[in-house]
Amino acid sequence: MREILRSAVDEMAVPSQQARTEATQNWGSSAAHSKYMADWSCMREIELRQPEITAPTPETLTIAAWNIERCKHVEGAAALIRKTGADIVLATEVDHGMARSSQRHTTADLARELGFGYAFGVEFVELGIGDPFEVKAHTGEENLHGLHGNAIVSRFPLHDVAVIPLDDGGDWYVRAPKNDGQYRVGGRMAIAAKVQTTQGPLALAAVHFESESDAGGRELQTERMLTGLNALYGEIPCLIGGDLNTAGFAAKAMTGQETLAAPQAVEPAFNRFAKAGFDWRDANTPAITTRHAPGRVVQYPLRKIDWLFSRSVQAQESFVQAALSERGEYLSDHELIATRVSLL
């Protein structure tokens, strides 16, 4: 199992185009994947930038979780976050130097737009443009850096940042589970940190579970994440948020109310959360959290796969914000979810 990473840097080193081309040519080799994981420092680093202006933490924080779908629309995403009043965003699917997102360091640019700081960790080094839809849209282009990962974007300073691996890595390099040309170096992970509130420290984690996993795999990823969080921070108040890819609910045609009331029989990961003292009922709403992406084949039913989990925290006034700009422009295939929290 990969180890927890704690090395924070001001600016992450990126693998060269030559190194990524070589990795593409060696696709399918687990030994080659292990070599790139060891050689590419971005797989061991967390890029950390603190906010330039530090505001005092209020007694109640608004914390959002959002799979921003590569964060292709930085300014629109920032405007939506401002609209929600979010103090902290647990962000998943953010790019750095990808053609599909205009080669931007989307986390850094998003944080700059908001006046926030951030911690960014690499989940995958992408060896191609992306999924078939993105490949078609960006034919003939190359990625500048090819980094893709998760981040915590925060109005307040982040401390004790870490990346918690959720699997052994390499599945998207050795096997390519979707068989659609998406070759990647890396593996699923959660990025974690602490913020200091007026009532004490609060641990945070932004997580993205494997999209091609099953309920048993999601349970194992939950166990690995919770074990890592406990090793890092102990049993302090904590809020976890992200895209858990809980596909079982749609397969069983469960309503939003049913998923809140009794998710464990379909998604045993929720038993793991409950055993560790986490609750989901107050931090979430029954609303569906995905939306149809324009230009793609519609897949119904839309799903409830994004979640917030709280421990020793009072969660209230939870809401789902449509991932659309003020002019109705599409921003992501996931809605933003949020809750207002105070420590118990």
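The values are calculated or read from the model by the stated rules, or taken from the named source; none is laboratory data. For clarity, every value in this text was computed on a predicted model and none was experimentally measured. Glycine also receives a Cβ, built like all others from the backbone with ideal geometry; neighbour counts cover every protein chain displayed. These accessible areas exclude ligands, DNA and RNA; they are computed on the full protein's heavy atoms, side chains included. Shrake-Rupley method; radii C 1.70, N 1.55, O 1.52, S 1.80 Å.
Sorting the segments 241-252, 264-275, 87-98 by their residues' average number of neighbouring beta-carbon atoms within 10 angstrom, most packed first, yields 87-98, 241-252, 264-275.
With respect to the cross-link table entries Lys35/Lys194; Lys72/Lys304; Lys136/Lys178; Lys194/Lys275; Lys72/Lys194; Lys83/Lys178, which display a Cα-Cα separation exceeding 24 Å? Too far apart for the 24 Å limit: Lys35/Lys194; Lys72/Lys194; Lys83/Lys178.
Highest average first, the peptides 183-191, 226-234, 304-312 ordered by how many other beta carbon atoms sit within 10 Å of their residues are 183-191, 304-312, 226-234.
Using θ = phi - 60° in the Karplus curve 6.51 cos²θ - 1.76 cosθ + 1.60, the 3J(HN,Hα) couplings for the range 123-136 round to 8, 9, 8, 7, 8, x, 6, x, 6, x, 5, 6, 4, 5 Hz; x is entered for Gly and Pro. Which one is right for this structure if P(r) over Cα pairs in 20 Å bins from 0, in percent is calculated from it: [x] 28, 55, 15, 2; [y] 24, 32, 24, 15, 4, 0; [z] 33, 61, 6? Among [x] 28, 55, 15, 2; [y] 24, 32, 24, 15, 4, 0; [z] 33, 61, 6, the one calculated here is [z].
Distance between the 7 Å Cα→Cβ label points at Val298 and Met1: 4.3 nm. Distance between the pseudo-spin-label points of Asp279 and Thr84 (7 Å out from Cα toward the beta carbon): 2.2 nm.
A 1.4 Å probe run over the chain, with the rest of the protein chains in place, finds 40 Å² accessible per residue. Once C-alpha pairs closer than 8 Å and six or more residues apart are averaged by separation and normalised to the residue number of the range 1-139, the relative contact order reads 26 percent.
The residue among Gly149, Gly170, Gly181 whose Cα reaches farthest toward the positive pole of the charge dipole of the range 140-195, with charges on the beta-carbon of Lys, Arg, Asp and Glu, is Gly149.
A helix-only calculation puts the chain at -7000 deg cm²/dmol for mean residue ellipticity at 222 nm, using -39500 (n - 2.57) for each DSSP H run of at least four residues, averaged over all residues. Amide hydrogen proximity for Ile305: with H placed 1.01 Å from N in the peptide plane, the residues at 5 or more positions away or on another chain lying under 5 Å are Thr289, Thr290. For the range 32-38, putting each phi into the Karplus relation 6.51 cos²θ - 1.76 cosθ + 1.60 with θ = phi - 60° gives couplings of 5, 4, 4, 5, 5, 4, 7 Hz, in residue order, rounded to whole numbers and with x for Gly and Pro.
Could you work out what % of the accessible surface of the chain is carbon and sulfur, using a 1.4 angstrom probe and leaving DNA, RNA and ligands out of the count?
49 percent
Computed about its Cα centre, the charge dipole of the range 266-315 is approximately 120 debye, with only Lys, Arg, Asp and Glu carrying charge at their Cβ. Within straight-line reach of Lys252, meaning a Cα separation under 13 Å, sit the following aspartates and glutamates at least 8 residues removed in sequence or on another chain: Glu267.
Mind giving me the FRET efficiency for Arg175 and Thr54? R0 is 45 Å, r the Cβ-Cβ distance, nearest 0.05 is fine. Kindly include the intermediate steps, with their values, before the conclusion.
Details: r = 45 Å, r/R0 = 1.00.
After rounding, the FRET efficiency stands at 0.50.
Could you size up the charge dipole of the range 118-216 around its Cα centre, putting +1 on the beta carbon of Lys and Arg and -1 on that of Asp and Glu, and report it in debye to the nearest 20?
400 debye
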